[in-house]
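Just so it is clear, none of the values below were taken in a lab; they were calculated from the coordinates. For clarity, every value in this text was computed on a predicted model and none was experimentally measured. Reconstructed Cβ throughout: ideal geometry from the backbone, glycine too, with neighbour counts over all protein chains shown.
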Amino acid sequence: MYGNAHIEKTKSPKNILEGEDPAKLAEFEARIERGEKIEPMDWMPKEYRRQLIRMIEQHAHSEIIGALPEGTWITRAPGFRRKLALMAKVQDEVGHAQLLYSAAETLGKAREDMINDLISGKSKYSNVFNYPAETWADTAIIAWLIDAGAIINQLANSRGSYGPYCRALDRICTEESFHLKYGHDTVVYLATGTPTQREMVQNALIRWWPPIMHFFGPSDKISVHSEILMKWKVKMASNDDMRQKFLDEYVPKIWDLGLTIPDPSLKKNEDTGKWEYTEPDWEEFKRVINGDGPCNKERLAVRRWAEEKGAWVRRALLKEDSRYSTPLA
Ligand code: FAQ
């Protein structure tokens, strides 16, 4: 494995740096402060490695599971052109997962272990992909607004400290920006179409708004990992700041289309420059990310099926002497 890694179990916040060499830690933090990239063979604290594996792995799982809600619409897309476009998008998402698994592998966790942790339900992935895409309009909202949220997060974090993750994010963001344009075009088409098409996209927005508000993570007051991740420039903005940026950029665009956002309290406070909104239901968020959302079981069942059906291909490709990985980006 690339970094000759040793993966530590979670420790309490007080002792996450226990046992680290103070001189090495100071030099590591100084490098991050100077804006240098940390590369796989460089010295890093165990907690930095553990946090990055957790975050990149969850991100990879999100891309691969994220292909499913839209993927179910490929055969039902209205018309050949849309079918081609959706198929290309779904294929891109799976490609993003490959880039991200490869980046996580550089930190010492084997891909098989990551996949096993996904299908056993041990690892998390983004809350949003545990909801069904009920109509064609749901795929339009996903491609526009979920991709928008993903770009806000990933563009910021691509300026972070871990080289392989940042380079993967650079490439992913380029592709996601095509998804965003495709999604926007599809939403505009529906919102300016027949009354039935308009109603369909309005209803999809109502369904997806709460999961989108959850997408950026729990509020800063209750976020567990933000402090250390921001200190080490893995996360380049807090959950609330990313949510605010999303609202700033996309609420006006949604309102321009004459669509209604299902939050009567949503408004920009002109004095503070911040959006005010109804506090998202964090209990529902917790339920969904811990396995009890509307589609969690179905999503994992599909991945488990794919894993079992593809096992013979991996066995055929696996050579005992090629058991190390290099980053794809
Ligand atoms: N969903 O302490 P924090 C995409 C968990 S890619 C599920 O604030 P952190 C592309 C968190 O893991 C979408 N779980 O956590 C696409 C932690 O649990 P743990 C994915 C969530 O890490 C588009 C606990 O809550 N993007 O959409 C979520 O500092 C269209 C405490 O939270 C990434 O993964 C959530 N939304 O901040 C594909 C980007 N939020 O591990 C197809 C990289 C939080 O202690 C179609 N990740 N949790 O058990 C990140 O930037 C961060 O991990 C955050 C969360 C911001 C997601």
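For the range 254-276, indicate whether the set of residues that are exposed (fewer than 15 other Cβ atoms within 10 Å of the Cβ) and within 14 Å of the ligand (Cβ to nearest atom) is non-empty.
For the range 254-276, residues exposed (fewer than 15 other Cβ atoms within 10 Å of the Cβ) and within 14 Å of the ligand (Cβ to nearest atom): absent.
Could you grab me the full set of residues in the range 65-106 that are within 12 Å of the ligand (Cβ to nearest atom), acidic (Asp, Glu) and touching a Lys or Arg at 6+ places or on another chain (Cβ under 7 Å)?
Result: GLU70, single match.
Considering only residues that are closer than 19 Å to SER226 by Cβ and surrounded by fewer than 23 Cβ atoms within 10 Å (Cβ to Cβ), which ones fall in the range 162-176?
CYS166
Looking only at the range 216-231, which residues are in contact with a Phe, Trp or Tyr (Cβ under 8 Å, 6 or more places away or on another chain) and surrounded by 21 or more Cβ atoms within 10 Å (Cβ to Cβ)? Talk me through it step by step, then tell me what you get.
Here is the first cut: in the range 216-231, the residues in contact with a Phe, Trp or Tyr (Cβ under 8 Å, 6 or more places away or on another chain) are 216, 218-219, 222.
Across the range 216-231, the qualifying residue is only PHE216.
Looking for something assigned to a loop (DSSP other than H, G, I, E, B) and within 30 Å of LEU25 (Cα to Cα) - is there at least one such residue anywhere in the range 182-194? Give the derivation first.
Keep residues of the range 182-194 that are assigned to a loop (DSSP other than H, G, I, E, B), which gives 192-194.
Narrowing further to those that are within 30 Å of LEU25 (Cα to Cα): none.
The answer is no, given that none of the residues of the range 182-194 is assigned to a loop (DSSP other than H, G, I, E, B) and within 30 Å of LEU25 (Cα to Cα).
Looking only at the range 218-230, which residues are without any contact (Cβ under 8 Å) to a residue 24 or more places away in the chain, part of a loop (DSSP other than H, G, I, E, B) and near the ligand (Cβ under 6 Å from one of its atoms)?
Correct list: SER223, VAL224.
Given the criterion under 28 Å from GLY35 (Cβ atoms) and out of contact with any His (no Cβ under 7 Å at 6 or more places or on another chain), identify the matching residue among LYS297, LYS231, LYS309, LYS286.
Values: LYS297 fails: under 28 Å from GLY35 (Cβ atoms); LYS309 fails: under 28 Å from GLY35 (Cβ atoms); LYS286 fails: under 28 Å from GLY35 (Cβ atoms).
Within the list LYS297, LYS231, LYS309, LYS286, the selection yields LYS231.
ALA133 - would you say it is surrounded by 20 or more Cβ atoms within 10 Å (Cβ to Cβ), hydrophobic (A, V, I, L, M, F, W, C) and not in a helix (DSSP H, G or I)?
Numbers: surrounded by 20 or more Cβ atoms within 10 Å (Cβ to Cβ): yes; hydrophobic (A, V, I, L, M, F, W, C): yes; not in a helix (DSSP H, G or I): yes.
Against the criterion (surrounded by 20 or more Cβ atoms within 10 Å (Cβ to Cβ), hydrophobic (A, V, I, L, M, F, W, C) and not in a helix (DSSP H, G or I)), ALA133 qualifies.
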